[in-house]
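Written out below as structure tokens is the structure these notes cover.
The values are calculated or read from the model by the stated rules, or taken from the named source; none is laboratory data. No experiment lies behind these values; they were computed from the predicted model shown. Cβ coordinates were reconstructed from backbone atoms using ideal geometry, including for glycine residues, and neighbour counts include every protein chain displayed.
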Amino acid sequence: MKKRGYLKKVQGKWKFSLLGKEAVAGFGFILPFLIGFFGLFLPMIIRSISFSFSNMDVQSTGYVLTPAAKNGWEHYIRALTIDPDFNRQLLASIVNMFTQVPLILIFSFFMANLLNQDFHGRAAARSILFFPVILTSGVVLGLESSDLLLTTLNPSQLTEGDMSTFVNVSSLLTEYTDLPSSVIMFLTRAVNSIYDIIIASGVQILIFLAGLQSISPSLYEASDMEGATAWESFWKITFPMISPLILVNSIYSIIDAFTSETNDIMVDIRNTIFQEVKYGLGSAMAWIYFICIGVILLIAGGIISRHVFYVDER
């Protein structure tokens, strides 16, 4: 087999081969990311690590870093053992993620299947369901928090008196069903957070919709000829073919849930750094949070990737 290279000799001159041109084009696409990462992001990461192990003395000419107590681990120990809110907010953030991410995936997959059908006004429906992506942009999100109508429609912003107008889902499920208490609590949280689920599902719907449209119609035609039902086609064709995007959307949804501007622990870290001017403690809290997110992503990605089906096109 002839070895493929990035360069080839043509009329005594070295030129890029097709593989070399593709490599150059690929490098050109990732060059802005590399410049941003190594030029801006990486120095900030290194500085944040140094802040977390140091005490900062802000002066008129700048700041001075001195090593923190307990071999530099003072801020980490304080965040985990002394701070009264950090552990509680960290646990609440993880529980909220485990509650919302499955619901976001189910809702976005369901809506993508509906939008993939042929009906009048399909383009308008797709545009409407993409509005959550616009609503979660920086400026609009700030306006949203002060909008009376949106605040009224958001159950998470309602006062205790306003909540009396809503049906107590937990009581109804407890009285009229024999579901376990854990399932009832999960369904109750799902109903109460339906506003947040819709807002957070815009990108996932688009990704699932693109994946559904990439499935070859010939697969469904062959299954119809074999006498397969729609239910069997869904589980034997649609779900396996879309499984790589389930992994993508799961990772995206987990990160989005953890880094949301409304996340209490994100607000606490921001206030600790910029309002209380405790850069060391805030940086330590941020790195603890980052490590927790990384571990959860590795576990979730490892579990889901075992069940992902990839089409071998060779």
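Data overview
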{"item": "Selection within region 238-293 - of a type in the set (Ser, Thr, Tyr) and within 29 Å of Ser50 (Cα to Cα)", "result": "Tyr252, Thr259, Ser260, Thr262, Thr272, Tyr279, Ser283, Tyr289"}
{"item": "Output for region 45-62, where each listed residue is among the hydroxyl-bearing types (Ser, Thr, Tyr) and exposed (fewer than 10 other Cβ atoms within 10 Å of the Cβ)", "result": "Ser60, Thr61"}
{"item": "Any hit, region 52-64, residues being part of a helix (DSSP H, G or I) and within 21 Å of Arg270 (Cβ to Cβ)", "result": "yes"}
{"item": "Residue within region 200-215 that is surrounded by 16 or more Cβ atoms within 10 Å (Cβ to Cβ), at pLDDT 70 or above, among the hydrophobic types (A, V, I, L, M, F, W, C) and more than 18 Å from Asn116 (Cα to Cα) present", "result": "yes"}
{"item": "Selected residue [at pLDDT 80 or above, assigned to a helix (DSSP H, G or I) and either touching an Asp or Glu at 6+ places or on another chain (Cβ under 9 Å) or surrounded by fewer than 17 Cβ atoms within 10 Å (Cβ to Cβ) (or both)] from Ser218, Ser182", "result": "Ser218"}
{"item": "Unmet criterion (only one of (1) surrounded by fewer than 15 Cβ atoms within 10 Å (Cβ to Cβ); (2) within 21 Å of Val267 (Cβ to Cβ); (3) among the hydrophobic types (A, V, I, L, M, F, W, C)) for Leu42", "result": "(2)"}
{"item": "Matching residues, region 237-261, being of a type in the set (Phe, Trp, Tyr) and over 30 Å from Trp287 (Cβ atoms)", "result": "Phe239"}
{"item": "Tally, over region 266-309, of residues that are touching a residue at least 60 places away in the same chain (Cβ under 8 Å) and exposed (fewer than 10 other Cβ atoms within 10 Å of the Cβ)", "result": "0"}
{"item": "Within region 79-98, considering residues that are modelled with pLDDT of 85 or more and not in a helix (DSSP H, G or I), the one nearest to the chain's Cα centre (by Cα)", "result": "Asp85"}
{"item": "Pairs, first in contact (Cβ under 8 Å) with a residue 40 or more places away in the chain in region 192-203, second part of a loop (DSSP other than H, G, I, E, B) and surrounded by fewer than 20 Cβ atoms within 10 Å (Cβ to Cβ), C-beta under 7 Å, six or more apart", "result": "Tyr195/Asn154; Ile199/Thr136; Gly202/Phe130"}
{"item": "Matching option when the condition is out of contact with any Lys or Arg (no Cβ under 7 Å at 6 or more places or on another chain) and within 30 Å of Val183 (Cβ to Cβ), among Met97, Met44", "result": "Met97"}
{"item": "Candidate set from region 233-263 (those that are over 16 Å from the mean Cα position of the chain (by Cα), in contact (Cβ under 8 Å) with a residue 12 or more places away in the chain and surrounded by fewer than 18 Cβ atoms within 10 Å (Cβ to Cβ)); member that is nearest to Asn96 (Cα to Cα)", "result": "Ser243"}
{"item": "Only one of Ser50, Ser108 that is modelled with pLDDT of 90 or more, among the hydroxyl-bearing types (Ser, Thr, Tyr) and either under 30 Å from Ser243 (Cα atoms) or touching a strand residue (DSSP E or B) at 6+ places or on another chain (Cβ under 6 Å) (or both)", "result": "Ser108"}
{"item": "Test: residue in region 15-30 that is among the aliphatic types (A, V, I, L, M), within 23 Å of Ile269 (Cα to Cα) and either in contact with a strand residue (DSSP E or B) (Cβ under 6 Å, 6 or more places away or on another chain) or outside any loop (DSSP other than H, G, I, E, B) (or both)", "result": "no"}
{"item": "Test: residue in region 71-78 that is in a loop (DSSP other than H, G, I, E, B), of a type outside the set (S, T, N, Q) and under 25 Å from the mean Cα position of the chain (by Cα)", "result": "no"}
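Conditions (1) out of contact with any helix residue (DSSP H, G or I) (no Cβ under 7 Å at 6 or more places or on another chain); (2) modelled with pLDDT of 75 or more; (3) surrounded by 14 or more Cβ atoms within 10 Å (Cβ to Cβ), marked per residue:
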site: Val64; (1), (2), (3): yes, yes, no
site: Asn71; (1), (2), (3): yes, yes, no
site: Ile104; (1), (2), (3): no, yes, yes
site: Ser156; (1), (2), (3): no, no, no
site: Tyr176; (1), (2), (3): yes, no, no
